[in-house]
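Shown next, in C-alpha cells, is the structure this report addresses.
The values are calculated or read from the model by the stated rules, or taken from the named source; none is laboratory data. What you see is a predicted model; the values in this text were computed from it and never measured. As a convention, Cβ positions derive from the backbone with ideal geometry for all residues, glycine included, and neighbour counts pool all protein chains shown.
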Amino acid sequence: MNPGSQAPLLIGCAAGFSGDRTDVAGPVVDTLIARLGAPDAPPGLRACLIYETLAERTLALAQLRRRADPESGYEPLLDEMLAPVLARCIAHGIRIVGNFGAANPRGAARVIARIAARLGIDPPRIAVVEGDDLATPAQRALLGEALGGAVDMSRVVSANAYIGAEPIAAALRAGAQVVVCGRIADPTLAVGPAMAHFGWAADDWDHLARATMVGHLLECGAQVTGGYFADPGYKEVPAMHDIGYPIAEVDADGHCVIGKADSQGGLVSLATVKEQLLYEIHDPTSYLTPDVVADIGEAELREVGPNRVALRGVRGHARPAALKVNVCLEGGWLAEAEISYAGARAEARARLAAETLRRRLDGLHLRVDLLGALSLFADDGGRMLDATLAGDARDVRLRVAATHPDRAQAERVTREMVAMYTCGPAGGGGVRTALTRRLNTVSCLVPREAVPTRFEMTSEASA
C-alpha cells in the first residue's frame, strides 16, 4: 500500500460469517475495479477486500476439524470464496484481508497458494498473522491464570485472544497481497488496511476509532445493506434475492461513506446504517476493541446520495490494557429429536407426545418446542404444556432437546422419539434426530503484553 497517502481507501466486504454466500465477492470486486479505473479516480486510490468468517464458536469447531485432520481447521468455503476473485484482485492491486485462517492460518495460506497455481497466476505474497491462539502449550499457564482455576483445562477446545490491527498493517506495508488471520477483532479487518494506507500510528485514537466503526459497519456483510433490516410492509428492501454487499470509502481523516456493490439490489439508508452502527454496542461512548475505545456518542449520519450514507463525528480513546479471550470447552452432548402432527387436534396430540416423553425421560431436563404453535415465547420449564394455553394449531412439529455429559443418557432422547412412531399418540411422522458434541464458552481477560503478535510471509507464496 502507500503509507501516508491522502487518497481515499475503498474497503469492500465479501463475507459476514462462516458459511456466507460465495457469489457476492464478484460484484463487490467489479465495483472496486470500476472505481479504481474511473477517469475521475484520485491519484493513489487503493482498495481492499475483507472477509469476516468467524463467530464466537467458529474457532472451536475449526479446532475440532483440525484434530481430525491436521491440514484442516480453516474456513471450509475458502476455495469457493476466493477462487472467483483472486486473479482479478491481484491484477488490480486489491489487497485481501480475512480471518478465514480460523484455527489453521498456515493451512489456509497453502490453500490460497494452490488456488493461485490452479488459476495460472504468479504466486501471491501471502502473510500469516499469528499470536491469537492461547491454547498452545506455551500459553497454557497464562490461560489457566486468566481463568482463575475455575475451568478444567483438559476440557479446553480452543482459546483465542481478540488481537488488533498492527500485524495486519505491518504485513500490508511489507507488500502482502493476501493477509490470513485467525481470531482478530472483527472491525480490525478495516483498521489494518487503513493504518497501512494512511500511515496512522497505533495511538492515533480518533483515526483508529473511525476506522473501527467502518469495520463495524462492514463486518456483518448484508446486514448493513438491508438483509437483516428487511421486514415486508414495514421496512421494504428491493431485490433481496440479489442483495449487494457493502463497500466503504474512507478518507484520510477516517470518515467514511457506506455504499454497496453497484450492480445489485439491497438498500443502504440512514435506517440500515443506524441499525448496524448500534449492533452489539453495549455503551455507545465506550466500544472496546483491541485497537481503540471508540466513542459514537456524537456521531452523525447523513445521506449523500442513493444508497450512500456518510458517517462522521466518531472519537477515540486509548485502547484497553487487556485483551478479551474466548475459551470454548467440551460441554457434553446435545440430543435433538422432532416429530410432526397435522390435521384435527394436532396440537393436542403434540402436547400429549411431549408429556409422554417427559415421563419417559425422567431425570433429563428437556427443552420442548411446539413449532407452529408455541416456541420462541415459551420456556423449557413446562409452561407450554399448561392446558389453559392450549390452542388448535393443525400443523405442529414437536421438538425435544436435552444436554448431558454422558452420551448414553443423551441418546435416550433420540431413542424415545423414534419409539413415538408406534407408541403414539396417533398420526406422528417425519421423525428426525441428531446427537452432537456441545461446546460451552467462557471469556476472560489477559494482559496485552502477554500476547505477542506477528506476521510472517509464508514460503507457500514462492513455492
Which of the residues belonging to the stretch 18-35 are surrounded by fewer than 16 Cβ atoms within 10 Å (Cβ to Cβ) and either modelled with pLDDT under 95 or part of a loop (DSSP other than H, G, I, E, B) (or both)? GLY19, ASP23
Give the residue that is farthest from ASP186 (Cα to Cα), with candidates limited to residues of the stretch 15-38 that are in contact with a strand residue (DSSP E or B) (Cβ under 9 Å, 6 or more places away or on another chain) and of a type in the set (D, E, K, R). ARG35
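Every residue, every condition in (1) among the aliphatic types (A, V, I, L, M); (2) touching a residue at least 40 places away in the same chain (Cβ under 8 Å), yes or no:
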{"residue": "ALA176", "(1), (2)": "yes, yes"}
{"residue": "ILE184", "(1), (2)": "yes, yes"}
{"residue": "GLY199", "(1), (2)": "no, yes"}
{"residue": "ASP203", "(1), (2)": "no, yes"}
{"residue": "LEU217", "(1), (2)": "yes, yes"}
{"residue": "GLY221", "(1), (2)": "no, yes"}
{"residue": "GLY227", "(1), (2)": "no, no"}
Can you list the strands (runs of 3 or more DSSP E) lying wholly within the stretch 285-324 that have 3 or more residues being modelled with pLDDT of 95 or more and aromatic (Phe, Trp, Tyr)? none
Evaluation of ALA141 against (1) more than 25 Å from the chain's Cα centre (by Cα); (2) part of a loop (DSSP other than H, G, I, E, B); (3) aliphatic (A, V, I, L, M) (one fails), failing number: (2)
Touching a residue at least 24 places away in the same chain (Cβ under 8 Å) and surrounded by fewer than 23 Cβ atoms within 10 Å (Cβ to Cβ), is that true of LEU49? no
Identify, from the list ALA450, ALA419, the residue that is without any contact (Cβ under 8 Å) to a residue 60 or more places away in the chain and surrounded by 13 or more Cβ atoms within 10 Å (Cβ to Cβ). ALA419
Those residues of the stretch 199-229 which are surrounded by 22 or more Cβ atoms within 10 Å (Cβ to Cβ) and either in contact with a Gly (Cβ under 7 Å, 6 or more places away or on another chain) or not assigned by TED's automatic domain parsing to the domain that holds GLN276 (or both) amount to HIS207, LEU208, ALA209, ARG210, ALA211, GLU219, CYS220, GLY221, ALA222, THR225, GLY226
From LEU54, LEU78, grab the single residue that is closer than 30 Å to LEU288 by Cβ, aliphatic (A, V, I, L, M), touching a strand residue (DSSP E or B) at 6+ places or on another chain (Cβ under 9 Å) and in contact (Cβ under 8 Å) with a residue 40 or more places away in the chain. LEU54
Selection status of GLY254, touching a His at 6+ places or on another chain (Cβ under 6 Å), in the same structural domain as LEU36 (by TED's automatic domain parsing) and surrounded by 15 or more Cβ atoms within 10 Å (Cβ to Cβ): yes
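Here is a yes/no grid of residues against (1) touching a helix residue (DSSP H, G or I) at 6+ places or on another chain (Cβ under 8 Å); (2) under 20 Å from GLY16 (Cβ atoms):
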residue	(1), (2)
ASN104	yes, no
ARG114	no, no
VAL128	yes, no
ASP133	yes, no
GLU166	yes, no
VAL179	yes, yes
ILE184	yes, yes
THR212	yes, yes
Would you confirm whether or not the stretch 213-230 contains a residue that is small (Gly, Ala, Ser), in contact with a strand residue (DSSP E or B) (Cβ under 7 Å, 6 or more places away or on another chain), within 25 Å of PRO290 (Cβ to Cβ) and not in a strand (DSSP E or B)? yes
Reported set for the stretch 267-310 where residues are touching a Phe, Trp or Tyr at 6+ places or on another chain (Cβ under 8 Å) and not β-branched (Val, Ile, Thr) is LEU267, ALA271, GLU275, PRO290, ALA294, ASP295
Can you pull out the residues in the stretch 36-46 that are of a type outside the set (A, V, I, L, M, F, W, C) and either surrounded by 15 or more Cβ atoms within 10 Å (Cβ to Cβ) or at negative phi (or both)? GLY37, PRO39, ASP40, PRO42, PRO43, ARG46
Going residue by residue through the stretch 68-76, is there one that turns out to be hydrophobic (A, V, I, L, M, F, W, C), modelled with pLDDT under 95 and either assigned to a loop (DSSP other than H, G, I, E, B) or buried (at least 18 other Cβ atoms within 10 Å of the Cβ) (or both)? no
Residues in the stretch 149-178 that are assigned to a loop (DSSP other than H, G, I, E, B) and surrounded by 18 or more Cβ atoms within 10 Å (Cβ to Cβ): how many? 6
Consider ARG106 against the criteria (1) at positive phi; (2) in contact (Cβ under 8 Å) with a residue 40 or more places away in the chain: it satisfies all of them except one. Which criterion is unmet? (1)
Of all residues in the stretch 287-342, count the ones that are outside the structural domain of VAL157 (by TED's automatic domain parsing), surrounded by fewer than 19 Cβ atoms within 10 Å (Cβ to Cβ) and more than 30 Å from SER154 (Cβ to Cβ). 3
